[in-house]
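*Asks:* Sharing a structure below in C-alpha cells format, with a few things to ask.
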Amino acid sequence: MIMRCLSRTINSTRWLSTGTSGTKLFVGGLSYDTNETVLKDAFEEHGEIVEVKVICDHVSGDSRGYGFVKFTSEAAASAALKEMDGQLLDGRNIRVYYAHKM
C-alpha cells in the first residue's frame with residue numbers, strides 16, 4: 001500500500017528566528033512510505049524539533065524521497081547529523097546533511 005504524504009507540517013514549537021543556520025538538516029534516501037510522523041520520531045531523541053517536512057510531488061502527493069528536520073539548537077542538529085547519517089529508517093539507509101539556503 002502506498003501512503004500519501006501528509007499535507008501539513010508538524011510544528012512542535014514556533015520558529016525562534018529565521019536567520020539560524022546549522023539547525024536545519026536535509027534528510028535524503030527516505031522510503032516513499034516515510035511520513036513526517038515517522039521522520040520526527042526518528043530524530044526527536046537528539047533534541048527539540050521545530051519543524052519536520054517530507055517533500056511531496058504537488059500533483060500525485062507521493063513522497064519525493066527527501067525531507068527536512070529543523071532543531072531549536074545547532075548542538076541538537078549536529079548530534080542528529082552524526083548519529084542518523086547512514087542509519088536504517090523504514091528499510092532504507094538515509095543520508096543526512098546540513099540544509100543550505102539557495
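No lab work stands behind these numbers, since they all come straight from the coordinates. What you see is a predicted model, and the numbers here were worked out from it, not measured in a lab. Cβ: placed from backbone, ideal geometry, glycine included. Neighbour counts: every protein chain shown.
*Asks:* Between R92 and Y66, what length comes free when the chain is fully extended (0.36 nm per residue of separation minus the Cα-Cα distance, one decimal in nm)?
*Replies:* Additional length available on full extension: 8.2 nm.
*Asks:* Take V69, V54, V96 and order them by how many other Cβ atoms sit within 10 Å, fewest up front.
*Replies:* V96, V54, V69
*Asks:* How much net charge surrounds Y97 when only other residues with a Cβ under 13 Å from its Cβ are counted (Lys, Arg +1; Asp, Glu -1)?
*Replies:* Neighbourhood net charge equals +2.
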